[in-house]
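Structure record follows, encoded as structure tokens.
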Amino acid sequence: VNIKYTGVCNSDYHAWKGDWAFKPILPLVLGHEGAGVVVAKGENVTNFEIGDHAGVKWVNSTCQSCSFCEEAHESSCPNQKNSGYTVQGTYQQYAVANAVQAAHLPKDVDLAKAAPLLCAGLTVYKALKNANIRAGDWVTIIGAGGGLGTLAVQYARAMGYKILAIDGTNKKDHVLSKGADEFIDFNAVSDIPEEVLKVTEGGPHAVINVSNSVKAYHDAVKYVRPTGTVVLVGLPKGGATLSTDIVSHVLRAINVKGSVVGNRADTREAIEFFRRGKVESQVKIVGLSEAPEVFKLMEKGEILGRYVLDTTK
Ligand code: NAD
Ligand code: ZN
């Protein structure tokens, strides 16, 4: 795939730092939100033609024969390869993906805006599905102003949920403009569980944490509504653990569930929400050579939405 644009995900930052227990290959080209044009294909590939638009995502290839692949849990395939982690990624002009896992991008979808859907959009859409809630229920999105969070707010709005967004002071206007009903500033509020319980009148039916904050996870298991679900998406650096008060956990019958990207059907559905205009993809386009500057902004928590790299610059 001739990659035209590639999104900058916080997971790329973790890969660069090497701060998870699961280590990337070295040397490594980062990137797993690559959108571009098919320029070559293997002789057995029948589902793509030269000139088609394609996305290269985190799940670069899977074995298609394990029990996880069999049941469409492809992102749990033990034989999967991951773009920008265990195979070379998309921070370059030409990248390779297995044709089964490459995403089909409709020609009427802007490639720069499509890039963040391939990880951020897909991941939050799947996390919301995994939350197993109904239209009208409360969902709290932690880290709502970042790359995953901005899209999470919009998918949640499109799916009919009431949204309580949590992020820093500098993200408030941005997050409310994307459709959040309520906002809590984690810098300004000292007792977050108390405030969340008040705003949602007894706790949200689901919580999606897309921040790296370990404290936010501990808060979430305290304030989620009885019978509700905390979906773990954000990946703090290695060694972080989550503890929970067992008696309270059992008596409130709460669920705590990890969620990692999504399968091919989730990918198609997430792209379709965007194509139909139900979610926007707000991107800031800079050159590939500016990736180090983007990581600095990410470190400081200053990014609103997603930065996308133009691979020609
Ligand atoms: P990002 O840097 O764009 O956004 C993170 C946001 O969290 C920022 O807006 C930041 O201000 C906010 N934040 C930090 N501390 C907070 C706190 N205590 N309370 C509320 N908000 C807080 O990052 P991103 O690209 O959106 O990625 C987010 C996380 O998701 C990373 O850990 C990344 O590795 C992970 N991720 C997981 C999956 C998956 O499949 N599970 C997929 C992609 C990314
Ligand atoms: Zn990602």
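Data for the structure
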| item | result |
| --- | --- |
| Loop-resident sites, segment 227-279, for trypsin sites (Lys or Arg not before Pro), counting at most 15 other Cβ within 10 Å (DSSP) | 237, 276, 278 |
| Per-pair calculated FRET efficiency, R0 = 41 Å: residue 185 and residue 276 via Cβ, rounded to 0.05 | 0.80 |
| Relative contact order (%) - segment 94-239, alpha-carbon pairs under 8 angstrom, separation at least six | 21 percent |
| As computed over segment 49-203, the Cα convex hull volume per residue (Å³) | 156 Å³ |
| Relative contact order of the chain, defined on C-alpha pairs under 8 angstrom at six or more residues apart (%) | 20 percent |
| Distance (nanometres) between label positions extended 7 Å along Cα→Cβ at residue 169 and residue 19 | 2.3 nm |
| Span-like helix ranges in the chain, DSSP H, alpha carbon extent 15 angstrom or more, Kyte mean at least 0.5 | 147-158 |
| Equivalent ellipsoid dimensions for the chain as semi-axes, Å, which come from the Cα gyration tensor, largest first | 32, 20, 19 |
| Computed lengthening from residue 237 to residue 293, 0.36 nm per intervening residue step minus Cα-Cα distance | 18.1 nm |
| Alpha-carbon centroids, segment 14-54 and segment 275-313: separation in whole Å | 18 Å |
| Computed helical MRE - 222 nm, the chain, DSSP H runs ≥ 4 contributing -39500 (n - 2.57), nearest 500 | -8000 deg cm²/dmol |
| Spin-label pair residue 214/residue 64, simplified geometry with 7 Å Cα→Cβ offset, distance in nm | 4.1 nm |
| Qualifying aspartates and glutamates (Cα of each under 15 Å from Cα of residue 284; at least 8 residues distant if same chain) | 33, 110, 293, 302, 310 |
| Globularity ratio of segment 7-75, using Cα Rg and 2.2 N^0.38 Å | 1.36 |
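Taken together, the values in this text are just the output of simple stated rules run on the coordinates, not laboratory data. Computed from a predicted model, the values in this text were never measured in an experiment. For neighbour counting, all protein chains shown are included, and Cβ atoms are generated from backbone atoms with ideal geometry for every residue, glycine included.
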